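So the structure is just underneath, and the comments pick up after that.
The values are calculated or read from the model by the stated rules, or taken from the named source; none is laboratory data. Note that the structure is a prediction, hence the values are computed from the model and not measured. Ideal geometry is used to build each Cβ from the backbone, glycine not excepted, and the neighbour counts take in all protein chains shown.
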Amino acid sequence: MSVDLNILLKKESGKVLFVGIGNVLRSDDGIGVYISNNIKPSANISSLTVELSIENYIGKINKLNPDILVLIDCVDLKKEPGHYSLLPVGQIKDFTLHTHNISLSRISTLFKMPVLILGIQPKIISFGEGFSAEAEKTANNLIKLINLSSN
C-alpha cells in the first residue's frame, strides 16, 4: 500500500530525512542522488546523498535520528517510466533494481526509525549520464513538492 507523500511532508510527521541512492553513471539509476542534492533543508526536512554506499552511512543516519527515513531510489515498479510510489521498504524487496552493494530491505533493518522507499520507475539504466525525460520530469516535480512543504 502506497503512502501519501503530501501527508508525510506535513509537520505533524516529524523530522524526515531523504537519502539519495543510485549510480549517477547509469542514467535514471542516479535519479535519487539528483533529488537529494536538490532538497532544501528546513526544520523538518533534510537530505543526505549516499550514492552507492548506504551501508557506510548507517551510523550517521542513526545519529541524525529522524522520525522517518525515506530512501530515494530507482525502482522497477512495473509501471510506466517516471511513475513514483512511496512505499514501506518491505513492499519493494522483489522490485528493487539491485545495482547496489546490499538490498535495501536488508539494510533497512539496521535503522532505528521507520523506513520508506520513494521509488521512481526508470526508463534507462544503462551506462550513460543524464536522465530520461520521464524520470527527470518526475524528479523535478518531487523536488518542487518537497521544497514547497518546507516553507
Checked the range 1-40 for anything assigned to a strand (DSSP E or B), under 16 Å from L118 (Cβ atoms) and touching a residue at least 60 places away in the same chain (Cβ under 8 Å); matches are F18, I21
Answer yes or no as to whether F131 is touching a strand residue (DSSP E or B) at 6+ places or on another chain (Cβ under 9 Å), hydrophobic (A, V, I, L, M, F, W, C) and either modelled with pLDDT of 90 or more or over 22 Å from S13 (Cα atoms) (or both).
no
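Look at L48 and say whether it is among the aliphatic types (A, V, I, L, M) and either over 20 Å from Q91 (Cα atoms) or assigned to a loop (DSSP other than H, G, I, E, B) (or both).
Criteria met by L48.
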Positions within the range 72-84 being modelled with pLDDT of 95 or more, in a strand (DSSP E or B) and not aromatic (F, W, Y), in sequence order:
I72
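Each row is one residue, and each column tells you yes or no for (1) at pLDDT 90 or above; (2) more than 17 Å from A135 (Cα to Cα); (3) β-branched (V, I, T).
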position: G22; (1), (2), (3): yes, no, no
position: S42; (1), (2), (3): yes, yes, no
position: G59; (1), (2), (3): yes, yes, no
position: L64; (1), (2), (3): yes, yes, no
position: H98; (1), (2), (3): no, yes, no
position: L104; (1), (2), (3): no, yes, no
position: I107; (1), (2), (3): no, yes, yes
Within the range 54-77, identify whether any single residue is of a type in the set (K, R) and touching a residue at least 60 places away in the same chain (Cβ under 8 Å), and answer yes or no.
no
